[in-house]
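What follows is a single structure, written as structure tokens, with notes after it.
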Amino acid sequence: MLSTTRRVEFRDTDAAGIMHFSAFFPMMESAEHELLRSWGMSVMPRERGPNDVTWPRVAATCDYLAAARFEDILAINVSVLKVGNSSVQYGFDFSRDETPIAKGTLTAVCCRLDTSGLTKVPIPDSVRQLMQG
Ligand SMILES: CC(C)(COP(=O)(O)OP(=O)(O)OC[C@H]1O[C@@H](n2cnc3c(N)ncnc32)[C@H](O)[C@@H]1OP(=O)(O)O)[C@@H](O)C(=O)NCCC(=O)NCCSC(=O)c1cc(O)c2ccccc2c1O
């Protein structure tokens, strides 16, 4: 549904010279935000409107298949795995030159954000259509 790339930065690596497990999560988050932008949305809309919802995460996973190193260019394929009433689960496939590096998931919940905090709401139909492609 979205193919993008990210370079492994020095800060992403550990003392063994390989990409740290935690560094995959910001890349997944950033790729998810890119997918939302490709649909004309922002994860944090600045203006009020019918789709001014935000997407806190309730679950995140990552399986590590091969090591990535400083300055590697990782291809990231993002797909929508499941659309629920208020939740959406994304899948992330990381690879380098066709070598699978990692597979992750993020689950986000459609929420309104106001002074009282986050309130779960059903995914708007127009957004659901985009997610279901
Ligand atoms: C998000 C909540 C307010 C929802 O609370 P509620 O109790 O109403 O939710 P439900 O239990 O009914 O679940 C809703 C929905 O999600 C599915 N679900 C819940 N837990 C899981 C799980 N562990 N795995 C898979 N799915 C789960 C559940 O099945 C329901 O699905 P339906 O489709 O059937 O509706 C409340 O949960 C809450 O406040 N949680 C804490 C959120 C939080 O603090 N997360 C940690 C970090 S958030 C974050 O990192 C973040 C990143 C960003 O990039 C953001 C960008 C912009 C805005 C916010 C961001 C952000 O917060």
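The values are calculated or read from the model by the stated rules, or taken from the named source; none is laboratory data. Quick caveat, the model's predicted, so the values are computed rather than measured. With ideal geometry, Cβ positions are generated from the backbone for all residues, glycine too; neighbour counts draw on all protein chains shown. Side chains are part of the model used for accessible areas, which takes the heavy atoms of the whole protein and leaves out ligands, DNA and RNA. Shrake-Rupley method; radii C 1.70, N 1.55, O 1.52, S 1.80 Å.
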Practice item. Take PHE70, PHE25 and sort them by solvent-accessible surface of the protein heavy atoms, 1.4 Å probe, largest at the top. Key: PHE70, PHE25
Check your understanding: If amide H atoms are built 1.01 Å from N in the plane of the peptide, which residues on other chains or at least 5 residues away come under 5 Å of the amide H of VAL121?
Key -> CYS110, CYS111, ARG112
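So what is the relative contact order of the chain, in percent, for Cα pairs below 8 Å that sit 6 or more residues apart?
27
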Check your understanding: Given the range 2-132, what whole percent of its Cα pairs are spread farther than 22 Å?
Key -> 39
Check your understanding: Given only helices, namely DSSP H runs of n ≥ 4 each adding -39500 (n - 2.57), what is the per-residue ellipticity at 222 nm of the chain, to the nearest 500 deg cm²/dmol?
Key -> -5500 deg cm²/dmol
Point to revise | Gain on full stretching of the segment that runs from CYS111 to PHE70 - 0.36 nm per residue minus C-alpha separation | key: 11.1 nm
Check your understanding: Which value, in Å² and to the nearest 10, is the accessible area of ILE18 when all protein chains are kept and the probe is 1.4 Å?
Key -> 50
Revision key, fill the gap. Rounded to whole Å², per residue accessible area for the range 71-133 with a 1.4 Å probe reads 52
Review point. Which distance in Å, rounded to a whole number, links the C-alpha centroids of the range 55-113 and the range 16-47?
Key: 9
Review point. How large is the dipole of the chain about the Cα centre if only Lys and Arg carry +1 and Asp and Glu carry -1, each at its Cβ, rounded to the nearest 20 debye?
Key: 400
Review point. With every protein chain kept in the model, how would you rank THR119, THR107 by accessible area, 1.4 Å probe, largest at the top?
Key: THR119, THR107
